[in-house]
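Pasting a structure here, questions to come.
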Amino acid sequence: MSSKFTKGDKVLVLDDDMSGVVAFAKAEQITITTEDDIDLIFHENELILDQRFKVSHVEKTEPSAKKPKRRIQSRKKAAFIPAMEVDLHIHHLTDSERGMDNYDMINLQIDTARNKIEWAHRNNIPKLVFIHGVGAGVLKQELDYLFARYDYLKHYDADFQKYGKGATEVYLFQNPKN
(Lines give C-alpha, C1' and ligand atoms only; values in the text may rest on other atoms or scores of the structure.)
Protein backbone atom coordinates (compact mmCIF):
# COMPACT_ATOMS: atom_id res chain seq x y z
CA MET A 1 0.00 0.00 0.00
CA SER A 2 1.43 3.37 -0.98
CA SER A 3 1.24 6.58 1.00
CA LYS A 4 -0.27 9.83 -0.25
CA PHE A 5 2.93 11.60 0.88
CA THR A 6 6.43 11.36 -0.54
CA LYS A 7 9.83 12.21 0.84
CA GLY A 8 10.36 15.97 0.73
CA ASP A 9 6.68 16.97 0.98
CA LYS A 10 5.99 19.87 3.33
CA VAL A 11 3.13 18.86 5.66
CA LEU A 12 1.02 20.38 8.41
CA VAL A 13 -0.16 18.42 11.47
CA LEU A 14 -3.90 18.47 12.12
CA ASP A 15 -4.92 19.53 15.67
CA ASP A 16 -1.39 20.79 16.35
CA ASP A 17 0.53 23.95 15.53
CA MET A 18 3.31 21.97 13.89
CA SER A 19 4.72 21.35 10.47
CA GLY A 20 7.62 19.51 8.93
CA VAL A 21 9.10 17.80 5.91
CA VAL A 22 8.37 14.15 5.15
CA ALA A 23 11.57 12.22 5.82
CA PHE A 24 10.12 8.75 5.35
CA ALA A 25 6.75 7.34 4.29
CA LYS A 26 5.88 3.68 4.79
CA ALA A 27 2.27 2.63 4.19
CA GLU A 28 0.17 4.80 6.52
CA GLN A 29 3.05 5.69 8.86
CA ILE A 30 4.74 8.99 8.02
CA THR A 31 7.94 10.26 9.65
CA ILE A 32 8.40 14.03 9.46
CA THR A 33 11.33 16.21 10.45
CA THR A 34 10.34 19.44 12.18
CA GLU A 35 12.15 22.78 11.94
CA ASP A 36 13.85 21.88 15.25
CA ASP A 37 15.33 18.79 13.56
CA ILE A 38 13.15 16.37 15.52
CA ASP A 39 11.71 13.28 13.84
CA LEU A 40 8.06 12.54 14.65
CA ILE A 41 5.91 9.66 13.46
CA PHE A 42 2.29 10.23 12.45
CA HIS A 43 -0.53 8.33 10.79
CA GLU A 44 -1.16 9.74 7.32
CA ASN A 45 -4.69 10.86 8.36
CA GLU A 46 -3.12 13.23 10.89
CA LEU A 47 -1.27 15.20 8.20
CA ILE A 48 -2.19 17.43 5.30
CA LEU A 49 -0.03 18.58 2.44
CA ASP A 50 1.11 22.19 2.79
CA GLN A 51 -0.11 23.57 -0.54
CA ARG A 52 2.00 26.73 -0.26
CA PHE A 53 5.10 24.98 -1.58
CA LYS A 54 6.74 21.62 -2.11
CA VAL A 55 10.31 20.94 -1.07
CA SER A 56 12.16 19.23 -3.89
CA HIS A 57 15.06 18.12 -1.74
CA VAL A 58 16.18 18.27 1.87
CA GLU A 59 19.41 20.17 2.28
CA LYS A 60 22.22 18.26 3.91
CA THR A 61 24.84 19.86 6.12
CA GLU A 62 28.24 18.55 7.07
CA PRO A 63 27.98 15.78 9.67
CA SER A 64 30.39 17.60 12.01
CA ALA A 65 28.27 20.78 11.94
CA LYS A 66 24.98 18.95 12.35
CA LYS A 67 23.63 18.58 15.85
CA PRO A 68 22.40 15.10 16.81
CA LYS A 69 18.74 14.40 16.13
CA ARG A 70 16.38 13.64 18.95
CA ARG A 71 14.30 10.74 17.79
CA ILE A 72 10.83 10.21 19.11
CA GLN A 73 9.89 6.61 18.50
CA SER A 74 6.18 7.06 18.17
CA ARG A 75 3.86 10.03 17.95
CA LYS A 76 0.41 8.53 17.75
CA LYS A 77 -2.72 10.57 18.03
CA ALA A 78 -6.22 10.08 19.35
CA ALA A 79 -7.41 7.31 17.06
CA PHE A 80 -4.41 5.13 17.86
CA ILE A 81 -3.92 5.79 21.57
CA PRO A 82 -6.22 3.91 23.90
CA ALA A 83 -8.27 6.26 26.02
CA MET A 84 -7.42 6.70 29.68
CA GLU A 85 -10.30 5.24 31.70
CA VAL A 86 -11.65 7.06 34.75
CA ASP A 87 -14.12 5.00 36.78
CA LEU A 88 -16.46 7.38 38.61
CA HIS A 89 -18.30 4.70 40.59
CA ILE A 90 -18.23 5.98 44.17
CA HIS A 91 -16.63 2.81 45.61
CA HIS A 92 -13.58 3.45 43.38
CA LEU A 93 -13.18 7.02 44.64
CA THR A 94 -13.42 6.61 48.40
CA ASP A 95 -12.70 3.91 50.96
CA SER A 96 -16.04 4.36 52.66
CA GLU A 97 -19.34 5.91 51.63
CA ARG A 98 -20.40 6.01 55.26
CA GLY A 99 -21.59 9.48 56.24
CA MET A 100 -21.84 10.68 52.63
CA ASP A 101 -25.18 11.78 51.25
CA ASN A 102 -26.01 11.90 47.53
CA TYR A 103 -24.84 15.53 47.28
CA ASP A 104 -21.39 14.65 48.69
CA MET A 105 -21.07 11.67 46.36
CA ILE A 106 -21.97 13.56 43.18
CA ASN A 107 -19.61 16.40 44.14
CA LEU A 108 -16.74 13.94 44.68
CA GLN A 109 -17.46 12.35 41.28
CA ILE A 110 -17.68 15.69 39.45
CA ASP A 111 -14.54 17.03 41.18
CA THR A 112 -12.69 13.87 40.14
CA ALA A 113 -13.86 14.28 36.54
CA ARG A 114 -12.86 17.97 36.50
CA ASN A 115 -9.39 17.20 37.91
CA LYS A 116 -8.83 14.41 35.38
CA ILE A 117 -9.85 16.66 32.46
CA GLU A 118 -7.48 19.42 33.56
CA TRP A 119 -4.67 16.95 34.23
CA ALA A 120 -5.14 15.33 30.81
CA HIS A 121 -5.16 18.73 29.09
CA ARG A 122 -1.93 19.78 30.85
CA ASN A 123 -0.28 16.47 29.92
CA ASN A 124 -1.55 16.33 26.30
CA ILE A 125 -3.65 13.22 26.85
CA PRO A 126 -6.09 13.29 23.91
CA LYS A 127 -8.79 10.86 25.07
CA LEU A 128 -10.51 9.99 28.33
CA VAL A 129 -13.37 7.62 29.03
CA PHE A 130 -15.48 8.40 32.06
CA ILE A 131 -17.26 5.31 33.34
CA HIS A 132 -20.37 6.57 35.11
CA GLY A 133 -22.72 3.62 34.94
CA VAL A 134 -26.35 3.71 33.84
CA GLY A 135 -28.41 4.28 37.00
CA ALA A 136 -30.92 7.13 36.96
CA GLY A 137 -28.69 9.25 34.71
CA VAL A 138 -27.96 11.98 37.26
CA LEU A 139 -24.15 11.64 37.04
CA LYS A 140 -24.23 11.52 33.21
CA GLN A 141 -26.35 14.68 33.17
CA GLU A 142 -23.94 16.44 35.55
CA LEU A 143 -20.98 15.31 33.41
CA ASP A 144 -22.66 16.71 30.29
CA TYR A 145 -23.04 20.04 32.10
CA LEU A 146 -19.38 19.93 33.18
CA PHE A 147 -18.13 19.07 29.66
CA ALA A 148 -20.11 21.97 28.16
CA ARG A 149 -17.96 24.37 30.21
CA TYR A 150 -14.79 23.39 28.34
CA ASP A 151 -14.39 24.66 24.79
CA TYR A 152 -11.29 22.51 24.13
CA LEU A 153 -13.13 19.20 24.31
CA LYS A 154 -15.94 17.25 22.71
CA HIS A 155 -17.77 14.35 24.28
CA TYR A 156 -19.85 11.47 23.03
CA ASP A 157 -21.02 8.02 24.12
CA ALA A 158 -18.12 5.61 24.50
CA ASP A 159 -17.82 2.32 22.61
CA PHE A 160 -21.02 0.40 23.29
CA GLN A 161 -19.40 -3.03 22.87
CA LYS A 162 -16.80 -2.27 25.52
CA TYR A 163 -18.72 -0.08 28.01
CA GLY A 164 -22.41 -0.47 27.25
CA LYS A 165 -24.42 2.69 27.85
CA GLY A 166 -22.57 3.59 31.05
CA ALA A 167 -19.58 5.54 29.73
CA THR A 168 -18.78 8.82 27.98
CA GLU A 169 -15.68 9.39 25.87
CA VAL A 170 -14.01 12.81 25.87
CA TYR A 171 -11.65 14.05 23.15
CA LEU A 172 -9.39 16.94 24.20
CA PHE A 173 -8.16 19.23 21.42
CA GLN A 174 -4.49 19.93 22.01
CA ASN A 175 -4.49 23.24 20.15
CA PRO A 176 -7.94 24.78 20.46
CA LYS A 177 -8.84 27.36 17.84
CA ASN A 178 -9.10 30.85 19.32
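The values are calculated or read from the model by the stated rules, or taken from the named source; none is laboratory data. Bear in mind the structure is a predicted one, so any value in this text is a computation, not a measurement. Neighbour counts run over all protein chains shown; Cβ positions are idealised from the backbone, glycine included. These accessible areas exclude ligands, DNA and RNA; they are computed on the full protein's heavy atoms, side chains included. Shrake-Rupley method; radii C 1.70, N 1.55, O 1.52, S 1.80 Å.
Mind checking the full-extension length gain between D151 and E44? Use 0.36 nm per residue of separation minus the Cα-Cα distance, one decimal, nm.
Between D151 and E44, full extension yields 35.9 nm more.
Let me ask another. At 0.36 nm per residue, and after removing the present C-alpha to C-alpha distance, how many nm does the segment from K165 to D16 gain when stretched out fully?
Residue separation times 0.36 nm, minus the Cα-Cα distance, leaves 50.5 nm.
So how much accessible area does E142 have, in Å² to the nearest 10, using a 1.4 Å probe?
80
Longer than 27 Å from Cα to Cα, which of K127/K165; K26/K165; K116/K162; K140/K162; K116/K165 are they? Say none if no pair is.
Beyond 27 Å: K26/K165.
Using a 1.4 Å probe on the protein heavy atoms only, what accessible surface does L88 show? Give it in Å² to the nearest 10.
Around 0 Å² of this residue is reachable by solvent.
What is the magnitude of the charge dipole of region 98-175 about its Cα centre, with +1 placed on the Cβ of each Lys and Arg, -1 on the Cβ of each Asp and Glu, and no other charges, expressed in debye to the nearest 20?
Rounded to the nearest 20 debye, it is 200 debye.
Once ligands and nucleic acids are excluded and a 1.4 Å probe is used, how much of S96 is accessible, expressed in Å² to the nearest 10?
Solvent-accessible area, nearest 10 Å²: 60 Å².
Order Y156, Y171, most accessible first, counting only protein heavy atoms with a 1.4 angstrom probe.
Of Y156, Y171, the descending order of accessible area is Y156, Y171.
Using 19 Å as the cut-off for backbone N distance, which residues of region 150-169 belong to the label zone defined by a point 7 Å from the Cα of R114 along Cα→Cβ?
150-155
Applying the Karplus parametrisation 6.51 cos²θ - 1.76 cosθ + 1.60 with θ = phi - 60° to the phi angles of region 97-114, what ³J(HN,Hα) value in whole Hz is obtained for each residue in order, glycine and proline being reported as x?
Once rounded to whole Hz, the list reads 8, 4, x, 9, 8, 4, 4, 5, 5, 5, 5, 4, 5, 5, 4, 4, 4, 4.
With θ set to phi - 60°, apply the Karplus curve 6.51 cos²θ - 1.76 cosθ + 1.60 along region 10-21 and write out the HN-Hα couplings as whole Hz, x wherever there is a Gly or Pro.
Once rounded to whole Hz, the list reads 8, 10, 10, 8, 5, 6, 8, 8, 8, 8, x, 10.
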